[in-house]
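The values are calculated or read from the model by the stated rules, or taken from the named source; none is laboratory data. As the structure is a prediction and not an experimental result, all values here were calculated from the model. Every residue, glycine as well, gets a Cβ built from its backbone with ideal geometry; the counts of neighbours run over all protein chains shown. Quick note on the areas: whole protein, heavy atoms, side chains included, nothing else; ligands and nucleic acids left out. Shrake-Rupley method; radii C 1.70, N 1.55, O 1.52, S 1.80 Å.
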Amino acid sequence: MLRRGLEDSWFAGVYREVGQAATRMRHNEIPMRRLSRAIIVIGLAAVAFAGAPQQHAPVTIRVDTSVVVGPMRPFWAWFGHDEPNYTYTPDGLKLLSQLQALSPVPVFVRVHNLLTSGDGTHALKWGSTNVYTEDASGKPVYDWTILDRIVDSYIARGMKPFVQLGFMPEALSSAPPGMPYRHFWKPGDAYNDIYTGWTYAPKDYRKWEALCYEVTRHVVEKYGRDEVETWWFELWNEPDIPYWSGSVGRSGRDDPLAEQKAQTRRDEFNKLYDFTVEGVRRALPTARIGGPEVTGGAQSMLRSFLQHTSAGTNYATGKVGTPLDLITFHAKGRPTFLEGRVRMGVANQLQDIDRHFAVVREFPMYAKTPIVIGESDPEGCAACGVRHYPHNGYRNGTMFPTYTALQIARTYELADRRGMSLLGAVTWAFLFEDQPYFDGFRDLATNGIAKPVLNTFRMLGQMRGDRVATVSSAGLTVETIRDAGVRGAPDISALATRAPRAATVLMWNYHDDDLPAPAAPVTLTIRGLPAGDATVTHHRIDEHHSNSYAAWLRMGSPQQPTPAQYAELEQASQLQALTPARAVTIGREGLVTETFDLPRKSVSFVKVAW
């Protein structure tokens with residue numbers, strides 16, 4: 001115990017050094033390479049720690065493929081990002097291709113700023129298409145060039161757009177005089193700086209309705225009715241916070257009219273939704289549309305929105321109710337930087353999901369309405385890199401993929417418990433152009449190199465058929481994780497499926513605290529398999545497999561890798577086998593066993609194919 005205490009104390013000291021380095025970097029006191037060196041020390045120390053005489057109690061994971069839990073609907077095959085103009089850059093197109101290649105179904109992509117005014121220049125938390133302008137007489141002028149380029153990128157790869165109608169074009173914005181239209185936010189600036197003229201209500205709701213009509217009419221004309229009927233449409237993003245200013249603007253902390261303005265903004269958002277549906281359905285009566293994409297803690301606004309769509313007076317038609325084909329909301333975790341280390345907050349994300357599910361259950365008419373978690377992530381700001389936000393230090397290595405495996409598996413469980421029709425859960429991560437390698441953004445790739453988290457989705461993409469029963473001797477219940485997180489014992493659990501010709505098991509060793517710990521010796525048994533010849537494969541995400549970040553650290557963290565180094569990073573970014581594939585003969589008992597060590601912050605994927 002004394003040895004372990006010394007080791008933990010030493011690691012905490014190293015993590016504190018990294019945290020202090022990140023803090024000094026925010027004030028330009030030290031270069032990035034100093035922080036990289038500190039991170040390398042942690043990586044090398046973790047390897048040394050793994051070789052120390054540590055022990056973890058043996059873990060048994062039992063899978064019974066004859067017991068069906070539910071369908072393996074790939075709700076995870078949804079992705080999104082703020083900056084639409086990243087879509088068609090060379091690295092953006094490369095990543096889109098990788099996402100579709102790993103998915104068994106068409107991937108849906110949701111982006112902000114599809115209607116925002118501007119010249120198409122990309123920037124952090126910004127983008128534009130300039131779809132709508134007006135001439136000198138106030139007559140609308142439509143330009144589809146950039147919007148088409150974005151959607152063409154999806155269609156060429158067999159993907160589908162989740163069309164987010166927003167934000168307000170400059171010519172329609174009711175922002176007060178002097179309010180700038182676009183922002184120039186950068187990491188370290190006050191986040192509220194992003195809320196500028198694009199957040200305001202339209203000056204003319206009929207012109208907004210006409211814009212929604214023209215967008216829909218255009219995509220039907222260009223891509224065909226049959227294709228567009230497979231898409232989903234929605235309105236805006238997070239209208240419960242200053243993404244939506246309405247006509248009254250956001251309220252300061254001491255604003256005596258804050259409650260009155262908040263109610264006005266809610267009413268005006270309902271009005272905007274009604275006119276949006278009217279315009280979209282006027283162009284395509286069979287279009288599928290929904291909302292309201294509220295934040296994780298906005299159950300009250302979700303409830304008031306559903307009350308309006310189910311029984312309120314429609315602002316556009318004067319009738320009762322508004323069509324709602326899809327219910328959307330967000331869910332975010334809450335990591336912190338504690339005593340020199342990152343502590344994840346998966347409980348917060350699962351609570352957001354479960355509380356929103358509970359609100360939907362209050363409305364029997366929406367019991368079967370599909371749900372999309374429009375952003376489902378470990379925290380709330382993809383563009384907030386680790387240089388300025390040390391609590392986001394989980395993003396480059398194996399914590400992110402391990403968290404993602406647990407979170408997605410537990411989201412299936414929450415949907416089962418509540419009887420929800422969960423269609424999608426959007427991972428709000430893509431890439432960021434013109435940024436250093438592995439700079440700690442919440443992205444799936446950096447400078448064209450896939451990060452370890454992408455390999456969790458490559459594993460999920462091989463899981464077909466039905467989810468089946470799993471039991472782990474070291475697994476926590478979904479209720480425990482939702483209510484308290486993973487702060488004591490780790491969660492060493494599994495998600496398993498069976499398809500006609502294969503069984504798959506996704507396993508993780510997760511703890512909220514990013515600290516070293518001994519690997520767990522695991523015995524996996526898979527039952528209910530057909531007798532005969534089969535092949536067993538075992539893939540892994542850990543410090544030595546499927547990990548471009550670890551490879552980059554080992555080569556000295558180059559910001560200008562040579563062609564040979566880049567090729568090595570590309571190879572390291574792929575999903576890699578832990579052991580060679582092995583042939584087995586399954587007997588009449590229908591059993592396959594696999595034994596292995598599962599390190600902390602790692603994901604294993606075992607597949608039996610016959």
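Annotations for the structure displayed:
- Residues located in the stretch 411-427, provided they are farther than 16 Å from residue 351 by Cα, in contact with an Asp or Glu (Cβ under 8 Å, 6 or more places away or on another chain) and open to solvent by 10 Å² or more (accessible area, probe 1.4 Å): 427
- Residue 517 part of a loop (DSSP other than H, G, I, E, B), farther than 20 Å from residue 608 by Cα and open to solvent by 50 Å² or more (accessible area, probe 1.4 Å): no
- Note on the stretch 140-179: among residues that are in contact with a Lys or Arg (Cβ under 9 Å, 6 or more places away or on another chain) and of a type in the set (Val, Ile, Thr), the one that is nearest to residue 239 (Cα to Cα) is 163.
- Which listed residue, of 267, 255, is out of contact with any strand residue (DSSP E or B) (no Cβ under 9 Å at 6 or more places or on another chain) and farther than 23 Å from residue 382 by Cα: 255
- Residue 587 more than 25 Å from the chain's Cα centre (by Cα) and on the phi > 0 side of the Ramachandran plot: no
- Some residue of the stretch 399-410 being more than 15 Å from the chain's Cα centre (by Cα) and touching a residue at least 40 places away in the same chain (Cβ under 8 Å): no
- Close Cβ contacts (under 7 Å, 6 or more residues apart or on different chains) running from residues in the stretch 364-378 that are in contact (Cβ under 8 Å) with a residue 24 or more places away in the chain to residues that are assigned to a loop (DSSP other than H, G, I, E, B) and aromatic (Phe, Trp, Tyr) comprise 378/394.
- Summed over the stretch 184-219, the residues that are in a loop (DSSP other than H, G, I, E, B) and of a type in the set (Phe, Trp, Tyr) give a count of 3.
Residue-wise test of (1) open to solvent by 30 Å² or more (accessible area, probe 1.4 Å); (2) of a type in the set (Phe, Trp, Tyr); (3) in a helix (DSSP H, G or I).
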residue: 263; (1), (2), (3): yes, no, yes
residue: 269; (1), (2), (3): no, yes, yes
residue: 276; (1), (2), (3): no, no, yes
residue: 300; (1), (2), (3): yes, no, yes
residue: 306; (1), (2), (3): no, no, yes
residue: 317; (1), (2), (3): yes, no, no
residue: 342; (1), (2), (3): no, no, no
residue: 354; (1), (2), (3): no, no, yes
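- Tally, over the stretch 161-184, of residues that are under 21 Å from residue 279 (Cα atoms) and either in contact (Cβ under 8 Å) with a residue 40 or more places away in the chain or charged (D, E, K, R) (or both): 13
- Pairs meeting the criteria (first residue in the stretch 310-321 and under 10 Å from residue 270 (Cβ atoms), second residue part of a loop (DSSP other than H, G, I, E, B), beta carbons under 6 Å, at least 6 apart or on different chains) are 314/322.
- When the residues of the stretch 466-489 are filtered to those that are open to solvent by less than 30 Å² (accessible area, probe 1.4 Å) and in contact with a Ser or Thr (Cβ under 7 Å, 6 or more places away or on another chain), the one that is nearest to residue 527 (Cα to Cα) is 468.
- Residues that are over 22 Å from the mean Cα position of the chain (by Cα), more than 16 Å from residue 594 (Cα to Cα) and not in a loop (DSSP other than H, G, I, E, B), drawn from the stretch 485-510: 497, 498, 499
- Residue within the stretch 43-65 that is assigned to a helix (DSSP H, G or I), at pLDDT below 95, open to solvent by less than 40 Å² (accessible area, probe 1.4 Å) and touching a Gly at 6+ places or on another chain (Cβ under 9 Å) present: yes
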